[in-house]
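Below: the structure, in structure tokens.
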């Protein structure tokens, strides 16, 4: 049953861009899908009334593949049985890639980009990870041929530290970006920003009637420009976002991508429907005091009505953390009705021992990281990186191994990497409906752990 907030948004039917802002747990994705159903119904009614032959073209975009699989299942249910409708649910990357002719071997992904940039950024006096993010930020924000705009543009959305004044910007453009761009051009390579720009230049794409962009705070400006280039003034384009949960180094103003007015409506969702009071209180210190722009929404921690157990923070070796948490889950979780998400800052080998432990306990699981379809099996446990958990929710969330080794950052106040970590961990904790478990090694705790307030959790030593 739609809430009063959702009914207001569903009733807004004017074409053009619209914005749905909401804090964690406020039902943004659900609201977006309700709006999808409403807009599709209106467009199909118009098509039938005017006896049009062309189908209603609908595009739903998410940032990561895991969320795309989840949304695809829900979106298909919302508009099922409509023959006059063409629905695409994709990540932006997969959709843009479908519009660009390029050999897969010539695509520069994030890891390959980082490898190409490392020799170039070595001489610059800043952290390598920060500099790679800065290159990604400026290439994604400014149109091709206008990268010099970066020099004068106020560097918002990138934290207070490290400071990056004009001389360093000039060096980054001259010593890093220019040779990187030249190398790609020489060898016919394209990174994901190049693909976004090329997709926007396709003149033969039939415009979409309805577009929904979920988690749009993590889309780059050039990606948004490309989407808008494949719509018309009569298209309904809905951006769903919360800038407080932005975990990638991207920022832009609506005006610079061509949006001066949200003619379809500018809506805010405030109520937190997902978390218990205990989970909300636990997560609160992670986001309090973070720099927000006008599209950010701090969760209304006082709006939670459900009660639940205190989150548990488990100190010990990784194997001891997992052993204790599995015992607690076996004691308290109904695996036929409830879901568990094991979330890690990094993927790959970091899941190795966890897989082994779950198999030893006889607990079936699925891996959602980079999954392109939503699993249909009976498994109640999911393994997922924190980044791939964006937009998902679980009854119980587990964050084991939250050590400094996997959560590095700078040491200065206002460090952009620490701010990003705070948002990332808060987002992970906020995926939980009922309970949260966090684990760490006592001799290497993540800085983020010091932000939690002792009266909001139970400390367990193993």
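The values are calculated or read from the model by the stated rules, or taken from the named source; none is laboratory data. Because the structure is predicted, anything quoted here is derived from the model rather than measured. Note that we place each Cβ from the backbone using ideal geometry, even for glycine, and neighbour counts take in every protein chain shown.
Filter the stretch 202-223 down to the residues that are within 18 Å of residue 141 (Cβ to Cβ) and out of contact with any strand residue (DSSP E or B) (no Cβ under 9 Å at 6 or more places or on another chain) and list them by number.
220, 221, 222
Looking at 358, 310, which one is modelled with pLDDT of 90 or more and touching a helix residue (DSSP H, G or I) at 6+ places or on another chain (Cβ under 7 Å)?
After applying the criteria, what remains is 310.
Look through the stretch 272-288, keep the residues that are in contact with a strand residue (DSSP E or B) (Cβ under 9 Å, 6 or more places away or on another chain) and surrounded by fewer than 23 Cβ atoms within 10 Å (Cβ to Cβ), and return whichever of them is modelled with the lowest pLDDT.
Just the residues of the stretch 272-288 that are in contact with a strand residue (DSSP E or B) (Cβ under 9 Å, 6 or more places away or on another chain), to begin with: 274-276, 278-279, 282-283.
Remaining after also requiring surrounded by fewer than 23 Cβ atoms within 10 Å (Cβ to Cβ): 274, 276, 278.
Details: 274: 88, 276: 94, 278: 95.
Checking each candidate, the answer is 274.
Just checking: which of the strands (runs of 3 or more DSSP E) contained wholly in the stretch 1-92 hold 1 or more residues that are touching a residue at least 40 places away in the same chain (Cβ under 8 Å), crowded, with 23+ Cβ neighbours inside 10 Å and in the same structural domain as residue 255 (by TED's automatic domain parsing)?
16-22, 56-62
Of the residues 402, 421, 449, only one is assigned by TED's automatic domain parsing to the domain that holds residue 357 and more than 14 Å from residue 321 (Cβ to Cβ); which?
From the options 402, 421, 449, the qualifying one is 421.
It is to be established whether one or more residues within the stretch 94-109 are assigned to a loop (DSSP other than H, G, I, E, B), at pLDDT below 90, surrounded by 12 or more Cβ atoms within 10 Å (Cβ to Cβ) and out of contact with any strand residue (DSSP E or B) (no Cβ under 8 Å at 6 or more places or on another chain).
no
Hey, among 113, 168, which residue is in contact with a strand residue (DSSP E or B) (Cβ under 6 Å, 6 or more places away or on another chain) and assigned to a helix (DSSP H, G or I)? Step through it out loud before you land on a result.
Values: 168 fails: in contact with a strand residue (DSSP E or B) (Cβ under 6 Å, 6 or more places away or on another chain).
None of the others qualify; the one that does is 113.
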